[in-house]
Structures are given as C-alpha cells and as structure tokens.
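Comments concern the structure below.
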Amino acid sequence: MSRHKVIETSRLCLRPLEFSDFDRIVEFMGQRAVTDFLLYFTYPIVPEQVREWLKNILEAKPEHCAYWAIVEKSKGELIGIISLTMDPYNHKTEMGYWLDKDFWGQGYTPEAAWRAIEYVFEDLKLHRIELTHMVANTRSQRVAQKLGFQLEGCWREGHFKNGSYKDVKIYGMLAVDYSRARKIREKENQQPANLA
Ligand SMILES: CC(C)(COP(=O)(O)OP(=O)(O)OC[C@H]1O[C@@H](n2cnc3c(N)ncnc32)[C@H](O)[C@@H]1OP(=O)(O)O)[C@@H](O)C(=O)NCCC(=O)NCCS
C-alpha cells in the first residue's frame, strides 16, 4: 500500500499530516474541550508528547495507520485531524477524529469522515470500521449516528480519563452497512452540502 491519498470534499481537503503541522496541532489541541474526550492527550497539552506522537505517525507504515490533516480549503487552514488505525489481519480499521473547537457544529467532521469511509471500503476494500466514544461525548455520538454507524455495545468503565473510569460506546460499520448507507444517500439525494 502506498502513502494514503489526498481526499477532497466540497469544503475540505484531507491530506496526510506533515511535520510542519506541529505548531498548529499543538495550538488547537491546547484547547481543553478538544482533549476532554481524547484518550491519549490530557489538558494541559505537553508539546513534547505531541512531537513524539507526530514523529511516530510520520514514521509508521501506511498499512498500519492513516492520519489526515483536515484543511478548510477557503483559508487553507488545518482545522482538525482524522485517523484510521489498521488491523490488517481482520480487514478492519478504527476511525478517530478531532477538530479545533472554533470549527465545531458546522458539519465538518461528518463531511470529512464520510469521504474517509468511502476510501476505506472503495479503495482499501476493508470489511469493517470501528468507532468508540466516551458516553458523555454526545457530539461524537451524533457524528457516529449521522454517518450510519451501528451501536454495538458499551465497554463498562473502558477508558480511564481525568482520574476516573468512563463508560464507552462502541460502534461498527460493515461493508454491507456502507453499501446500504450509500444507496440511501443516493436514492434520497440526501447529500446535504456539508456531506457532499
Ligand atoms: C466530536 C467532534 C469531532 C464533532 O465534530 P463537528 O464537526 O463539530 O460535528 P458536527 O458539526 O456534525 O456536530 C455534531 C453534533 O453536535 C451537536 N451539538 C452541538 N452543540 C452541542 C452540545 N452542546 N451538546 C451536544 N451536542 C451538540 C450538533 O448539533 C451536531 O449535531 P446535528 O448535526 O444533529 O445538529 C468535535 O466536537 C470534537 O472535535 N470534539 C473533541 C474531540 C473529540 O471528542 N473527538 C472524538 C473522540 S471519540
């Protein structure tokens, strides 16, 4: 598998992360609201931890993960990150996403994530995508619902965050679920501008 491709949507460009993104990543992940529901980063963010994390990502083989910068095309600004962590033995991947707080609530994540989902099933030909979020993260829950993920269960106290164990909702999307969701979108012409 070669380097993951650049993906365009109407408002966004998803391009592989680069080391030059470091300062901007530290800036937006420095927001408490962004780290509140992330597993590996805690407020206040430690730039050295971000540097190490970014270095590992950039050195990783494409068959192990994909990390795209979500770039808002009109201003060329990095507004978030979308990730896939591959499980090649089981033909599946886990999706993650996080966005600068200033850009929340404008449909950017579903817009980016739908294209990443298309890439997983159409280009990579994988069988399944997984997604998890802490129960209190209702924004992420809404994104999962809008994308057509199926709720599969809950890990009781599955994540340790900010000093306590949190329940975690787990979702899956199979290739057949994707085909169905895609047909519904096409049939009902239900691709609002923010998903196009
Ligand atoms: C979760 C996250 C990626 C959502 O991205 P986004 O681009 O803002 O997503 P959307 O624009 O589709 O908004 C999500 C939903 O949140 C809803 N929402 C807005 N304010 C809300 C609030 N105060 N409480 C709960 N939901 C709210 C919106 O109404 C929207 O749903 P709708 O389209 O049905 O109206 C973003 O909030 C984020 O980066 N959070 C921090 C990191 C994170 O939690 N990542 C996911 C880890 S699993």
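The values are calculated or read from the model by the stated rules, or taken from the named source; none is laboratory data. Just so you know, these numbers come straight off a predicted model, no measurement behind them. Quick reminder, even Gly has a Cβ in these numbers, built from the backbone with ideal geometry, and neighbours come from all protein chains shown. Surface accessibility is based on the protein's heavy atoms, side chains included, excluding ligands, DNA and RNA. Shrake-Rupley method; radii C 1.70, N 1.55, O 1.52, S 1.80 Å.
Does ALA113 satisfy the condition of being within 14 Å of the ligand (Cβ to nearest atom) and of a type outside the set (D, E, K, R)? So ALA113 fits the description; yes. Filtering segment 1-36 to residues that are surrounded by 15 or more Cβ atoms within 10 Å (Cβ to Cβ) and closer than 30 Å to GLU122 by Cα leaves HIS4, ILE7, THR9, ARG11, LEU12, CYS13, LEU14, ARG15, PRO16, LEU17, ASP21, ILE25. Does THR138 count as without any contact (Cβ under 8 Å) to a residue 24 or more places away in the chain and either more than 10 Å from the ligand (Cβ to nearest atom) or small (Gly, Ala, Ser) (or both)? Answer is no for this residue.
Here is the figure for segment 143-165: residues that are more than 19 Å from ASP87 (Cβ to Cβ) and open to solvent by 50 Å² or more (accessible area, probe 1.4 Å) total 10.
Within segment 14-34, being within 15 Å of the ligand (Cβ to nearest atom), more than 16 Å from THR109 (Cα to Cα) and out of contact with any strand residue (DSSP E or B) (no Cβ under 8 Å at 6 or more places or on another chain) holds for GLU27, GLY30, GLN31, ARG32. Residue under question is SER83, and the condition is that it be within 14 Å of the ligand (Cβ to nearest atom) and of a type in the set (Ser, Thr, Tyr); does it hold? So SER83 fits the description; yes.
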